[in-house]
Structure formats: C-alpha cells, structure tokens
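Asker: First, the structure itself, so that you have it in front of you.
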Amino acid sequence: MRAERLDVTELHARVEELADLLVDTVDGGASVGFLAPLDRGQALAWWKERVAAVAAGRLAVWAARDAGRTLGTVSLAFPDKPNSRHRAELVKLMVHRDARGRGLGRTLLTTAESAAAGAGITLLHLDTETDSLAERLYDTAGWTRVGAIPDYAASPDGVLRPTSIYYKRLAGPGETDD
C-alpha cells in the first residue's frame, strides 16, 4: 500500500473516509487531540477545516487506501514565518485499527519524510504520547527524542498524559542523512 498526496479536490472527496479513520483512531485509544467517543460530525468538521490550509500550502496531507477505504493518513504542517521555512511539523499520523501491524505507519512516515526532503525541508519535529505505539515507531525510524512534558494532553479517555517531543534532521541538497 502506498500513500498519495491529496490536493484540495481529493481532500474534499475523501473527507468522509478521513472522518471515519479519525473516529476509529480515537476509539482505538490513540492520542491525536480528541476525546472519546468522538462524534463523526465533529471528525468530519475537523477534516473540512483542513481544506483551507491545504489550499494555502500550509498543510500537506497523504492518505493510504485499500479496497476503496482510507486506512491511514499523515500530514506535514509548514510554518508561515520567514525564519522557520526550513522545518515542518509531522502531524496526525493515523492508521486504522484493521490495518495496524502491517507497516503502514512506517510507509506513511517515510512518505512524509521523503516529501519534506524533496521540498527542501531539513528539520522535522513532532509530539506524541509518551510510551505509545507511535513513540516506538519514531524511535526505530531514526527520530531523536528531546524529552517529555508531563500532563501535556488528555488521552482519549480524558487522563492527562506526558508527551514526548521528537525531531529528525533531513539531508539538504547534496547532503546525506546522518
């Protein structure tokens, strides 16, 4: 399975599937900014709100589909300040519970990293729930953990949890990754 970058038209066409993915992700216990149970209407509204950022070039969204269903997504958020255009934030890496354990998370991560490098981004950063499955993915994919912030965000069940901060340097033109 491979991930495809969604333009504004494709994002509009897939908001229903992406909303279903978001609901499944939250119901499955992943801390992606929402509390469970997540109302499908809220998930749909959240994805529709992303359209303007995609249209403005502040957000890039990839989706992986199989059998006509979106099973995973990842996004890159690009800063709008002149002094930070060399970096981007990896956001909302989600894999449907039915597709977990098959390498889709790593495929999405690699896709976003490659696209970032191709766009001249030399530094990525992210935050994720400490001790989560996602944290293990970043640890094994060459990301550097900076530290953790206690009680940073509530998990889907409403319990405050620590969040780990990560970064990854990407090779610039003519360089290789360290």
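The values are calculated or read from the model by the stated rules, or taken from the named source; none is laboratory data. Nothing here was measured: the structure is a model prediction, and the numbers come from that model. In this analysis, Cβ positions are derived from the backbone assuming ideal geometry, glycine residues included, and neighbour counts consider all displayed protein chains.
Asker: Just need a number here: residues in the stretch 74-87 that are in a strand (DSSP E or B), closer than 19 Å to Glu49 by Cβ and free of Cβ contacts under 8 Å to residues at least 60 places away in the same chain.
Answerer: 3
Asker: How about the stretch 11-37: which of its residues are without any contact (Cβ under 8 Å) to a residue 40 or more places away in the chain and either among the acidic types (Asp, Glu) or farther than 20 Å from Ala60 by Cβ (or both)?
Answerer: Glu16, Val23, Pro37
Asker: From Thr144, Thr128, grab the single residue that is surrounded by 14 or more Cβ atoms within 10 Å (Cβ to Cβ), among the polar types (S, T, N, Q) and at pLDDT 95 or above.
Answerer: Thr128
Asker: From the set of residues in the stretch 62-89 that are more than 22 Å from Ala171 (Cβ to Cβ) and among the β-branched types (Val, Ile, Thr), which is surrounded by the most Cβ atoms within 10 Å (Cβ to Cβ)? Talk me through it step by step, then tell me what you get.
Answerer: Going through the stretch 62-89, the residues more than 22 Å from Ala171 (Cβ to Cβ) turn out to be 63-73, 80-82.
Next cut, among the β-branched types (Val, Ile, Thr) only: 70, 73.
Details: Thr70: 22, Thr73: 26.
Taking the candidates together, the pick is Thr73.
Asker: Considering (1) among the charged types (D, E, K, R); (2) crowded, with 16+ Cβ neighbours inside 10 Å; (3) more than 15 Å from the chain's Cα centre (by Cα), say which one Lys168 fails and leave the rest.
Answerer: All conditions pass for Lys168, except number (3).
Asker: Conditions: (1) touching a residue at least 40 places away in the same chain (Cβ under 8 Å); (2) charged (D, E, K, R); (3) farther than 23 Å from Ala36 by Cα. Arg97 meets all but one. Number of the miss?
Answerer: Evaluating Arg97 over (1) touching a residue at least 40 places away in the same chain (Cβ under 8 Å); (2) charged (D, E, K, R); (3) farther than 23 Å from Ala36 by Cα leaves (3) as the failure.
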